[in-house]
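A short reminder: the numbers here are calculations on the coordinates, not readings from a lab. Here the structure is a predicted model, which means the values were calculated and not measured. Cβ atoms come from the backbone with ideal geometry, glycine included; neighbour counts cover every protein chain shown.
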Amino acid sequence: MIHFGALCNPAPSHFMTLVALGRKLQERGHRFTLFALSDLAKLAEKHGITFQELDNSPGYLPSRETFLQDVAQTYLSYRDLLKYGLGEIALYCEQAPQAMEKAGVECLIADQLVIPARTVAQRINVPHISICSAVPLRTDPDVPPSSRPWPYSRGRWPRLRNRLSYGLLAMLSRPFSKKLNNYRRQWGMVPHRKIDDTFSTLAQITQLVREFDFDFETQLPHQYYVGPFQREDYLETDFPYERLDGRPLIYASLGTLIPSTVGVWTTIAKSCVGLDAQLVISLGGKGRIGDYSDLPGRPLVVRFAPQRELLKRVTVMIAHGGLNSVMESLSQGVPLISLHAASGDQPGIAMRIVASGVGEVLPMGRLRTDSLRPLVKRVLTDPRYRTQAAVMREAIQKTRGSEQAAEIVELVSCRTEGARLDKVRA
């Protein structure tokens, strides 16, 4: 039995990814403890995860609820991100090592976005594993930044553009690097030179399938494509299936965090009028059903939808471009249209949608009826999108998600850095 400690990003999808892996490791006889602020305790315990509170009395970070509310209302400014990132580094570097040593943690599993994780692992001398809840990060000029809507290309100009973008990112990240490296110097560690240095050198585990990623010229030997985890936050909710009229189904959902308004849903509804298809809108808990009773075309509007079950009937999905929704859609062979944000990893996911031929993309900032309607009509009527989505479905069906991730984690936790992990790749 191995005792795994975990550090997570507070976003719901990132948290639930670690929960899925933690539950799988527990089923295999291991201990799994999440180290975080107290406001995650009830949620962790609800899913059967052991929780260890980190002392936030110095005020390192705001509450999770405050952070998520800020994200939902508006995208965080650079000042907000700076404040949060510096607080996170201080919290984990000052509180996590002692708490983990006292608890007897033998291996650290962390979201790839938790940049102090590798430093914490080195501080207590345990293996470190990165879980990529979003698109795997790399600053190799061969790889377009996930925050930019740039296609993959091996040409000279794209590589230069990528290099310049990563240079700008490094400049903006300098306050984080400076603070983290202050701790590393205190502890006699070599300073990190770039963000890649904060990722695990043993295993970086992603929920992508290789078929949905770019065909990179160079592949990281310790990056593992395991497919989507079977998460436990699936919402069992009633749905009026009797109101489906038999026409091809267009399903629109913008997640639970992305801001959406009556205007956004009106544009989506207008774009689907007259296409001989029925539109279903899931509000993700935002707003009241009564506010949407007069949308063009009278779509079926619900606060929440049983997405996994509903996708079995869907012809086209309109989504916000988050990785979990995209992978759920492709798991059912459903092509999609991504109304992606201008930040985060959504632009990078959007470019993979285009490159794999499973759908079309439109930045949320350019959402107009005359822009969206042609895309909906194209994806709805052109069989090539569904054919490519079926290819992704078959690739996903061959993966084992969190079970395969657990096998990799077990091997890495035994410090098998030089061992071949080929037997858990399939």
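Expressed as a whole number of Å, what is the distance separating the alpha-carbon centroids of the stretch 128-160 and the stretch 1-57?
Rounded to whole Å, the Cα centres lie 29 Å apart.
Any idea what the alpha-carbon Rg over 2.2 N^0.38 Å comes to for the stretch 222-367?
For the stretch 222-367, the normalised Cα radius of gyration is 1.01.
Set the Förster distance to 30 Å, then compute FRET efficiency between residue 215 and residue 377 from the Cβ-Cβ distance, nearest 0.05.
My answer for the efficiency is 0.50.
About its Cα centre, what dipole magnitude does the stretch 241-397 give when the only charges are +1 on Lys and Arg Cβ and -1 on Asp and Glu Cβ, stated in debye to the nearest 20?
100 debye
Compute the label zone of residue 189 within the stretch 391-411: residues whose backbone N is under 16 Å from the point 7 Å along Cα-to-Cβ.
Within reach of a label on residue 189: no residues.
Using Cα atoms only, what is the angle between the long axis of helix 78-103 and the major principal axis of the chain, expressed in degrees (0 to 90) to the nearest 10?
Between the helix axis and the principal axis of the chain, the angle is about 50 degrees.
Take peptides 87-98, 327-338, 181-192, 281-292 and line them up by average Cβ neighbours within 10 Å, highest first, as a rough protection proxy.
Packing order, densest peptide first, comes out as 327-338, 87-98, 281-292, 181-192.
Please state, to two decimals, what the Cα-based radius of gyration of the chain comes to when divided by 2.2 N^0.38 Å (N = residues).
Expressed relative to 2.2 N^0.38 Å, the Cα Rg reads 0.99.
If I stretch the segment between residue 98 and residue 387 completely, what's the gain in nm (0.36 nm per residue apart, minus their alpha carbon distance), one decimal?
The span from residue 98 to residue 387 would gain 98.8 nm if fully extended.
Give me the number: length gained by fully extending residue 261 to residue 46, i.e. 0.36 nm times residue separation minus the C-alpha to C-alpha distance, one decimal in nm.
74.3 nm
Using only the alpha-carbon atoms, how far is helix 12-27 inclined from the longest principal axis of the chain? Give it as 0 to 90 degrees, nearest 10.
For helix 12-27, the angle is close to 60 degrees.
Quick check: Cα centre of the stretch 163-211 to Cα centre of the stretch 272-312, how many Å?
With the stretch 163-211 and the stretch 272-312 each reduced to a Cα centre, they are spaced 41 Å.
With labels modelled as points extended 7 Å from the Cα through the Cβ direction, what inter-label distance (nm, one decimal) is found for residue 354 paired with residue 148?
1.3 nm
How long is the stretch 9-133 along each principal axis, judged by its Cα atoms, biggest number first, in Å?
Answer, in whole Å and largest first: 42, 29, 26 Å.
Evaluate E = 1/(1 + (r/R0)^6) for residue 303 and residue 247, where r is the Cβ-Cβ distance and R0 equals 22 Å; express this FRET efficiency to the nearest 0.05.
0.45
Given the options 18, 411, 375, identify the residue whose Cα lies farthest towards the positive end of the charge dipole of the chain (+1 on Cβ of Lys, Arg; -1 on Cβ of Asp, Glu).
375
Grab the DSSP H runs of the chain that are 4 residues or longer, score each as -39,500 (n - 2.57), total them, divide by all residues and round the 222 nm result to the nearest 500 deg cm²/dmol.
The helix-only estimate for the chain comes to -12500 deg cm²/dmol at 222 nm.
Once label points are set 7 Å from the Cα along Cα→Cβ at both residue 164 and residue 201, what is their separation, rounded to one decimal in nm?
Placing both labels 7 Å beyond Cα along the Cβ direction yields 3.3 nm.
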